[in-house]
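This report refers to the structure that appears directly beneath it.
The values are calculated or read from the model by the stated rules, or taken from the named source; none is laboratory data. Model, not experiment: these values are computed from the prediction. Here the Cβ is made from the backbone with ideal geometry for all residues, glycine too, and neighbour counts use every protein chain on show. These area figures cover heavy atoms from the full protein model, side chains too; ligands, DNA and RNA do not enter into them. Shrake-Rupley method; radii C 1.70, N 1.55, O 1.52, S 1.80 Å.
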Amino acid sequence: MTYEQTLKYLYSRLPAFHRIGKAAYKANLDNTLKLDEYFGHPHESYRTIHVAGTNGKGSVSHMIASFLQEAGYRTGLYTSPHLRDFRERIKINGEMIPKREVTDFIRKHRDIIRSVSPSFFEMTVALAFDYFGRKNVDAAVIETGLGGRLDSTNIIKPVLSVITNIGHDHMDLLGDTLEKVAREKAGIIKEGVPVVIGETMQELTDVYVSSAAGRNAEIFFADERFRCVLDDNINIKGERRFEIEDLREKNRITGVIPLGGDYQSRNLQTVLQASCILRRSFDINENCVIRGIGNTVTNTGLKGRWQILGQKPLVVCDTGHNREGLEYVIRQISNIPKTGLHIVLGFVSDKDVASILPLFPRDAEYYFTKASVQRAMDEKLLAAKAFGSGLNGNSYPDVKGAVKAARRNASVSDMIFIGGSTFVVAEAI
């Protein structure tokens, strides 16, 4: 099979959450454990770092992978979802898995795939772990897909677990309260393995502390040790200077981050705390970490995080798609000088837009649209819901048309923002 035929085979046979939503979610690890047994537990041959959380886990995973690369380690990186190419999910030192590796994997192991009938995500995890093992990586940064306790990645015994934060997302699957969601995320904490918590939320502290204590795991709250301030100015490349105060060591750390979002201040605190713990397992120093942060995009190919797509008018896209993530993004938009604001907006059909749309400014011109995936919310339905929240604009059947209309209507001193859904951002990029 060709690479394109292989992907078609995978999507046709295996349920994929990013395409059909919660119908693809399996609340157990049975298939994952069967596949892991078949492949001989490849993740045991290299060190892993496990990253979970509602927001920020992608950025944190990429920054950790980047500074490990800067320290000279051959580093695997597993993330999801992808933006444009399936192979973005599986990288070694920033290089996507070759197409031949994907096709050969499916051809060689088609019998076990037929026997187990895994979900798309379960199969992808097996592919990643096997690929990293065969290519002799020194370390792999593994981002959870959804939740933690029952996530397919949660068969590893990492050297460090990281939970960035907890927010209102996938609560229909993970629990109807933040405490229940936190317990699911805390399921990645392993016996004797230290865990870093990115953001302290007083109502959830007991969940983390008790989970860590029950597994004899040291626990570190990143925002209790580090305080990060981002410079207000973003250069034409989307870079910002940062200063981080280490409250314990009483010193300051400065550098540049190529990810322009205000929310990266919290992610930087998490990354710095993680780097301190990882020095127990890897030969890394502060210079490696600062270089790694500054070279995150170059080293890993990360896209879609407050990514600047154009100037005059300023065009920015961001993959933030839940209440907490969008609050940061919308606040940052409001602080940017501009004469007019144009927002290209689309969501997936299972998103609780009733709680999200009121966050958006009413003085913007909206271009409601639909990404070309099965889960996408109909653009006319979204427009109707948005009108109910006082948001005005027109609907467009595809992202390309919506972006083209926004560019046509915007003056050079205006701003265009593209977001609401990872899939909308992917098509805009």
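Quick look at the values:
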item: Charge tally in the Cβ shell below 11 Å around TYR38, where Lys, Arg are +1 and Asp, Glu are -1, TYR38 excluded; result: -3
item: Neighbourhood net charge (10 Å Cβ-Cβ; Lys/Arg +1, Asp/Glu -1) for ALA371; result: -1
item: Radius of gyration and maximum dimension Dmax of segment 40-181, Cα, Å; result: 15.1, 44
item: Convex hull per residue volume in Å³, alpha carbons only, for segment 342-409; result: 64 Å³
item: Probe 1.4 Å, all protein chains present, accessible-area order of GLU88, GLU249, largest first; result: GLU249, GLU88
item: Taking segment 276-429 and dividing mean pair separation by its residue count, relative contact order in percent (alpha carbons under 8 Å, at least six apart); result: 31 percent
item: Lysine pair number, Cα distance threshold 20 Å (strictly under), segment 271-413, separation 8 or more or different chains; result: 14
item: Packing rank of 48-56, 358-366, where each peptide gets the mean count of other beta carbons within 10 Å, highest leading; result: 48-56, 358-366
item: Shape of segment 301-429, Cα gyration tensor, a/c cut at 1.5; result: rounded
item: Nearby aspartates and glutamates by direct alpha-carbon distance to LYS108 (threshold 15 angstrom, same-chain neighbours under 8 apart not counted); result: ASP130
item: Rounded accessible area of LYS8 (nearest 10 Å², 1.4 Å probe); result: 150 Å²
item: Stretchable slack from ARG84 to ALA213, in nm (0.36 nm times residue separation minus alpha-carbon distance); result: 42.3 nm
